[in-house]
1. Among 256-264, 27-35, how do they line up from the highest to the lowest mean number of other beta-carbon atoms within 10 Å?
2. Counting every Cα pair in segment 129-272, what percent are over 26 Å apart?
3. Among 216, 197, 182, pick out the residue whose Cα is farthest towards the positive end of the charge dipole of segment 125-274, where Lys and Arg carry +1 and Asp and Glu carry -1 on C-beta, about the Cα centre.
4. If we sort 121-131, 57-67, 190-200 on the protection proxy, mean other Cβ atoms within 10 Å, highest first, what's the order?
5. At 1.4 Å probe size, with every protein chain present, just tell me what the per residue accessible area of segment 53-194 comes to in Å².
6. Can you give the accessible area of residue 234 in Å² (nearest 10), computed on protein heavy atoms with a 1.4 Å probe?
7. Hey, what's segment 254-318 come to in accessible area per residue, 1.4 Å probe, Å²?
8. From the Cα gyration tensor of segment 31-129, with a ≥ b ≥ c the square roots of its eigenvalues, which class applies: rounded if a/c is under 1.5, or else prolate if a/b is larger than b/c, or else oblate?
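The values are calculated or read from the model by the stated rules, or taken from the named source; none is laboratory data. As the structure is a computational prediction, the values presented were derived from the model and not from experiment. Using ideal geometry, Cβ is built from the backbone for each residue, glycine included, and neighbour counts are taken over all protein chains shown. Just so you know, the surface numbers come from the protein's heavy atoms only, side chains and all, with ligands and any DNA or RNA stripped out. Shrake-Rupley method; radii C 1.70, N 1.55, O 1.52, S 1.80 Å.
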Amino acid sequence: MPCPSKCHGGPGYASPADAIKGPREEVLFVTAPHARDGPDAIFTVDVNPESETFCQIISRVDVPNIGDEVHHTGWNACSSCHDKPTEKRSHLIVPCLNSDRIYVINVENEREIYLQHTIEPSKLHALNLSFPHTSHCLADGNIMISTLGEADGSPSGNFLLLDGKTFEPKGTWPADGKVVPFNYDFWYQPRRNIMISTEWGSPNHIKKGFNPAHVPEGLYGNSVHIFEWDTKKHLQTIDLPMPLGALPLEVRFLHEPNSEHAFVGCALGSAIFRIHPDEKNPKVQTASLVATIPSKKVENWALPDMPALITDILISMDDRFLYVSCWLHGDIRQYDISDPKNPKLNSQVFIGGSIHSETTVKVLEEDHDEIPALYVKGRQIEGGPQMLQLSLDGKRLYVTTSLYKKWDDQFYPENVRSGATMLQIDVDPITGHMVINKNFLIDFGKVAGGPYLAHEMRYPGGDCTSDIWI
């Protein structure tokens, strides 16, 4: 997907505005842990409605090991390398949470993808790293991956550097070798000379399933960390107020490369914070609470209060809308962030979740409106809305329903038994109003060799959660 104008010949697009003008997505690359005891997979999914193989798997890689937990992916090169005509977006970097392994998938031919290289766990352990998560390509040709643990699985936030050509580890990113207590996601904004990282929890405890008692015991995080991008130095830690700040997961800057605004979604706290320069001291970052989603009083569930559990956020390429997935409540919320200081709820759809009409959970609030179970092409949608990916033009939102196999089994065992699904939501380009497309369904429970727990999605030419402009 080359940029339509102002092209330098490198990967991606010259600017977010050029990306919006890009061609419609035709395929998605999807990570999919196996729901049983088989190998995980990476799929190419056809999403072109004019294609004879629409909504089908057209290529796949079955990884050679069991129990990896493929999760998020990144690129060897993206729009941060757009001014480098010799660079090419050709390989997906696939860190594995449970095994500490990293796969490199060659996707130059999206219909014939294959495993090209494997970084074995021993190479991460030699650097005292484990539980690799977010991967971003850098303008200098390297690849950076956040890691959540030390080699033994105890919590420690660090960043692995890979060579973008050989895909071999080069060391860690922080200049002073300093680690942070926890880690998860990160996003950098070079023109602001800043990087922000977030926190999940202790890998050894995450792998066992979620125990709410571990939060007050300090085994999960509630802070975001500020780094100076050019010097690679940790500058500041912002402790988000509890309980709203519990488990700050995804972080997104506005795509405009000069923007000072970033948003963080807190899973357990079910709150959105804006990270920005302090008005009194612009050299220091601060966090402002801009949206909250109240927990629901319930019966027949694990706890008396059910959080929304914000597990993904995404910003449209035009920086107009913030999308928020609430994995437990089952809704996707769209906020108008034209004024980043005052997000306004603009549209909402429900996809599965734990409180619809066919669950055993009873919501005790008098003003609760019954939410019908969702069926698409006769298939009941299990699980809740998890990973999100938006078309570059902002008209189509894709969503998968699996979070992490151990946590799926805890909160949505039927999703594990039947396999996850991928759905599409149509977005009105003028009003932003969202409507579920009842003609689109990819049932990963019926994929040969499955069932599978589909998770993250990527477009071959770059998307709203991979590309950063310098």
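1. 27-35, 256-264
2. Tail of P(r) above 26 Å: 21 percent of Cα pairs.
3. Of the options given, the answer is 197.
4. 190-200, 121-131, 57-67
5. With the other protein chains kept in place, segment 53-194 gives 34 Å² per residue.
6. 40
7. 39
8. oblate
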